[in-house]
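Everything below concerns the one structure shown next.
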Amino acid sequence: IDGITCAHCVKIVETVLRGCQGNRSPITGLVDAAADQDLNLVLIKIEKISEARRIAFEAARNLSMVGYTAKARSVNVREVSKGNDVDLQGLCSAFEVVPNI
C-alpha cells in the first residue's frame, strides 16, 4: 500500500477495511485487518480461503476510493516462512495486538 505515512493513515486504512465502530466490515468475509506503516502493508483475516481473491481485490478497491494505492497479493505464509526469518507467531499476533473496535 502506498500512502501510509503516519499513525492516522494506519487508522484510516484499518477502518476502511474493518468498518466503523460497532459495524461489520463492508467487505463480506473480511474478519479483521492490521495495517503496518513501516512495511506499507495490510494483513487481512478472512473467513474462507476460497474467498481470498475476491476479498483482496475488494479491499484494494475500497482503499483506492480513499486515496491509497493498494495491490492485492496472495501470500501463503507457510511457503514464505520456509528458509526465511518470518515469524509466523508474530504475524498471527498482529490481529491480537490490534484491538477490535
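Here is how the numbers come out for the structure above:
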{"item": "Residue in the stretch 1-16 that is surrounded by the most Cβ atoms within 10 Å (Cβ to Cβ), counting only those that are in contact with a helix residue (DSSP H, G or I) (Cβ under 9 Å, 6 or more places away or on another chain) and not in a helix (DSSP H, G or I)", "result": "Ile4"}
{"item": "Selected residue (only one of Val31, Val97 is of a type outside the set (D, E, K, R) and either buried (at least 16 other Cβ atoms within 10 Å of the Cβ) or modelled with pLDDT of 85 or more (or both))", "result": "Val31"}
{"item": "Count of the stretch 17-39 residues which are in a loop (DSSP other than H, G, I, E, B) and either out of contact with any strand residue (DSSP E or B) (no Cβ under 7 Å at 6 or more places or on another chain) or β-branched (Val, Ile, Thr) (or both)", "result": "13"}
{"item": "Some residue of the stretch 45-60 being outside any loop (DSSP other than H, G, I, E, B), among the small types (Gly, Ala, Ser) and open to solvent by 50 Å² or more (accessible area, probe 1.4 Å)", "result": "yes"}
{"item": "Number of positions in the stretch 58-82 that are among the hydrophobic types (A, V, I, L, M, F, W, C) and at pLDDT 90 or above", "result": "5"}
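The values are calculated or read from the model by the stated rules, or taken from the named source; none is laboratory data. For clarity, every value in this text was computed on a predicted model and none was experimentally measured. Cβ: placed from backbone, ideal geometry, glycine included. Neighbour counts: every protein chain shown. Each accessible area value is taken on the protein alone, full model and side chains, heavy atoms only, with ligands, DNA and RNA left out. Shrake-Rupley method; radii C 1.70, N 1.55, O 1.52, S 1.80 Å.
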